[in-house]
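Remarks on the structure that follows.
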C-alpha cells in the first residue's frame, strides 16, 4: 500500500471488528468510536481523529496515553494518527527500557537515540547516526504484521487523545538535532540528576 494518499484510503473494518476492538481495549463510549463511512478518508477533522487498530494490537498502545507519549507528540507537533506503528514500537520499547531500571523516560533522552523522520504521509522515529550515544536496542522489527494496516482504522472523538495536538505537515522540513547533554535530566532508581553523559544502563 502506498506511503502517500491518506485522503484516498478507505477503512475495511467491520462492525464486529469495531465492537471487538472497543471491548478488548476498553475504549469508552464517551469517545464515540465509530466506523468510517464508505467514502470517508483516513483524515482527521475538528470532530474526529483516526485510530489505526494496529497501533493497539501490534504496538501495545493503550488509553490513556502516558505523560511521556503526550510530551513526545507535543514536542514534535504531531497528531496521534500521523505516527507509523513502528514509531510506536520504538516509543514503547524506550519506555520499557527506562522502567526496567526504575528510570523515567524523557523527551530529551529519547531524542539522544532517535530522530523524527517523514515516511510518506506518516512519521516515524529512526535511530540516529549523528549521536555518540550507543543504540538502546539490538533488534527492532522493520515491518508490521499485518502489513496492510493503513486501511484498518476507526474514528474517535479528538478528546480521546488531545484536542490540542496539531496535524504536522509531512512536506515541512524536519529540524530535529541531537539535544545537548546539558539538557538531559536522568532519572533512575528513584533518583534524578543532571548529567553530562548518559548512564550505561540506557
Residue hits (region 9-18; exposed (fewer than 12 other Cβ atoms within 10 Å of the Cβ) and outside any loop (DSSP other than H, G, I, E, B)) are 15, 16
Per the filter on region 61-77, residues outside any helix (DSSP H, G or I) and within 9 Å of the chain's Cα centre (by Cα) are 61
Filtering region 19-49 for residues that are loosely packed, with under 11 Cβ neighbours inside 10 Å and part of a helix (DSSP H, G or I) leaves a count of 3
Across region 80-108, the tally of residues that are part of a helix (DSSP H, G or I) and under 9 Å from the mean Cα position of the chain (by Cα) stands at 11
Scanning region 91-103 for residues that are in contact (Cβ under 8 Å) with a residue 60 or more places away in the chain and surrounded by 17 or more Cβ atoms within 10 Å (Cβ to Cβ), the one nearest to residue 175 (Cα to Cα) turns out to be 98
Reported set for region 109-129 where residues are surrounded by fewer than 19 Cβ atoms within 10 Å (Cβ to Cβ) and either free of Cβ contacts under 8 Å to residues at least 40 places away in the same chain or not in a strand (DSSP E or B) (or both) is 120, 126, 127, 128, 129
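Quick one: is residue 121 modelled with pLDDT of 90 or more and either more than 15 Å from the chain's Cα centre (by Cα) or under 17 Å from residue 44 (Cβ atoms) (or both)?
On the way: modelled with pLDDT of 90 or more: yes; either more than 15 Å from the chain's Cα centre (by Cα) or under 17 Å from residue 44 (Cβ atoms) (or both): yes.
The answer is yes for residue 121.
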Scanning region 155-167 for residues that are in contact with a helix residue (DSSP H, G or I) (Cβ under 6 Å, 6 or more places away or on another chain) and at pLDDT 90 or above, the one surrounded by the fewest Cβ atoms within 10 Å (Cβ to Cβ) turns out to be 157
Filtering region 58-84 down to residues that are touching a helix residue (DSSP H, G or I) at 6+ places or on another chain (Cβ under 7 Å), more than 15 Å from residue 114 (Cα to Cα) and surrounded by 16 or more Cβ atoms within 10 Å (Cβ to Cβ) yields 58, 59, 61, 80
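The values are calculated or read from the model by the stated rules, or taken from the named source; none is laboratory data. Bear in mind the structure is a predicted one, so any value in this text is a computation, not a measurement. Positions of Cβ are backbone-derived with ideal geometry, glycine not excepted, and every protein chain shown enters the neighbour counts.
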